[in-house]
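Engineer: First, the structure itself, so that you have it in front of you.
The values are calculated or read from the model by the stated rules, or taken from the named source; none is laboratory data. Since this is a predicted model, take the numbers as computed values, not measurements. Positions of Cβ are backbone-derived with ideal geometry, glycine not excepted, and every protein chain shown enters the neighbour counts.
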Amino acid sequence: MSAGRQPRVGLVIVVAFVAAGVLGPLLAPYSTTARSGAVYEPPSPAHPLGTDDGGVDMLSLLLDGTRVSLVIGFAAAAVAAAVGGLVGLVAGYFGGRTDGVLMRITDYVIVLPTVPTMIVVAALFGRTLTNVVLIIGAVYWTYTARVIRAQVKTLRARPYVTRSRALGAGHPRVITRHVLPQVAPLLIANTVLLVSSAIFAETFIAFLGLGDPTLVSWGRLIQNSFRGAAVLNDAWWAVVPPGVCVAAVVLACTMVGQSIEDSLNPRLRVGHLSGRRFRVRPPVPREVDDDAAA
């Protein structure tokens, strides 16, 4: 896939899933709480994606889970971007002891194992939707903090920032007028990448049984299929569709985020080595001077 087509394809996929999540209640053919067919009924015109172990239509469940998974993904990414952006901005701009303290805290969070930390926190504080969003956001902010800090440290030494401070501009004005607009595009690119990580995290949290039990998400659908022995009953339609949805959204967000990041930093695009650059050229024949040969 060409570099120019990649972000468009990713954006189309993301927009399609967002539209499906928003219009899910209108598009769902059946209720997600009532039985509408036989147990593990295979796909048919009445049930395009079959039914689950309770006889509930899988297409309706998938549309309902799309809304929940995307809400958790985008909200958790926003929390992680806000925390990481603030920490990176303060640490990179002020430097010194402030930078040291904030970066040591960041290092401590980085070394914590992600999955056990989520399991412990979810078990302690409950399995509500808000808690799941905060748990994922509290784990994935460290990468954003380090990236924003590195960018702010370079901006702090720019001549226009130095002149602005020499003319008496305070820290809030310098940050809001000169530093923040420069790092905002990079923060947006990292937020898009965080959406894919947050959706994947929500999937395995729900698969482990730590998601909100009152809501349907892609992770919970996968958990229900394994708990209902869908594989043993050859009911692939209860496992494959939610897994494909997770993979598609994660891939699409990664494509869009990497494209934004490459456009903001052209050196990343140049740095990727291509096999075409190592072509072996045919030898050029040497011209022999007739006089010298004579």
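Engineer: Given the conditions (1) of a type in the set (A, V, I, L, M, F, W, C); (2) touching a helix residue (DSSP H, G or I) at 6+ places or on another chain (Cβ under 7 Å); (3) free of Cβ contacts under 8 Å to residues at least 60 places away in the same chain; (4) under 30 Å from Arg173 (Cα atoms), and given that Val121 satisfies all but one, which numbered condition is not satisfied?
Structural biologist: Answer for Val121: the failing condition is (4).
Engineer: Continuing with the same structure: Surrounded by 15 or more Cβ atoms within 10 Å (Cβ to Cβ), over 26 Å from Gly219 (Cα atoms) and within 21 Å of the chain's Cα centre (by Cα): does that describe Ile135?
Structural biologist: It is false that Ile135 is surrounded by 15 or more Cβ atoms within 10 Å (Cβ to Cβ), over 26 Å from Gly219 (Cα atoms) and within 21 Å of the chain's Cα centre (by Cα).
Engineer: Look at Ala247 and say whether it is at pLDDT 85 or above, exposed (fewer than 15 other Cβ atoms within 10 Å of the Cβ) and under 16 Å from the mean Cα position of the chain (by Cα).
Structural biologist: So Ala247 passes the test.
Engineer: If I filter the stretch 164-177 for residues that are of a type outside the set (Phe, Trp, Tyr), surrounded by 13 or more Cβ atoms within 10 Å (Cβ to Cβ) and within 29 Å of Pro116 (Cβ to Cβ), do I get at least one hit?
Structural biologist: Within the stretch 164-177 (the criterion being of a type outside the set (Phe, Trp, Tyr), surrounded by 13 or more Cβ atoms within 10 Å (Cβ to Cβ) and within 29 Å of Pro116 (Cβ to Cβ)), the answer is no, since none of the residues qualifies.
Engineer: Suppose the filter is out of contact with any helix residue (DSSP H, G or I) (no Cβ under 7 Å at 6 or more places or on another chain), assigned to a helix (DSSP H, G or I) and surrounded by fewer than 21 Cβ atoms within 10 Å (Cβ to Cβ); does Pro185 pass it?
Structural biologist: When the stated conditions are applied, Pro185 does not pass them.
Engineer: Which residue pairs have Cβ atoms closer than 7 Å, lie 6 or more positions apart in sequence or on different chains, and pair a first residue in the stretch 28-43 that is without any contact (Cβ under 8 Å) to a residue 24 or more places away in the chain and within 18 Å of Ala229 (Cβ to Cβ) with a second residue that is among the hydroxyl-bearing types (Ser, Thr, Tyr) and in a loop (DSSP other than H, G, I, E, B)?
Structural biologist: none
Engineer: If you don't mind, another one. Within the stretch 187-219, how many residues turn out to be touching a Leu at 6+ places or on another chain (Cβ under 9 Å), of a type outside the set (Phe, Trp, Tyr) and closer than 21 Å to Thr128 by Cα?
Structural biologist: The total comes to 10.
Engineer: Could you check the stretch 131-178 for helices (runs of 4 or more DSSP H) lying wholly inside it with 3 or more residues that are among the polar types (S, T, N, Q) and either modelled with pLDDT of 85 or more or at positive phi (or both)?
Structural biologist: Passing ranges, in order: 142-156.
Engineer: Kindly provide the set of residues from the stretch 35-89 that are among the polar types (S, T, N, Q) and surrounded by fewer than 21 Cβ atoms within 10 Å (Cβ to Cβ), ordered by number.
Structural biologist: Ser36, Ser44
Engineer: Scan the stretch 211-231 residue by residue and report those that are of a type outside the set (Lys, Arg) and crowded, with 23+ Cβ neighbours inside 10 Å.
Structural biologist: Gly211, Val216, Ser217, Trp218, Gly219, Leu221, Ile222, Ser225
Engineer: Tell me which of these Pro113 doesn't satisfy, since it passes every other one: (1) touching a Cys at 6+ places or on another chain (Cβ under 8 Å); (2) exposed (fewer than 15 other Cβ atoms within 10 Å of the Cβ).
Structural biologist: The single condition Pro113 does not satisfy is (1).
Engineer: Read through the list (1) over 21 Å from Gly228 (Cα atoms); (2) of a type in the set (Gly, Ala, Ser); (3) over 30 Å from the mean Cα position of the chain (by Cα), then give the number of the only condition that Ala76 fails.
Structural biologist: In the conditions (1) over 21 Å from Gly228 (Cα atoms); (2) of a type in the set (Gly, Ala, Ser); (3) over 30 Å from the mean Cα position of the chain (by Cα), Ala76 misses (3) alone.
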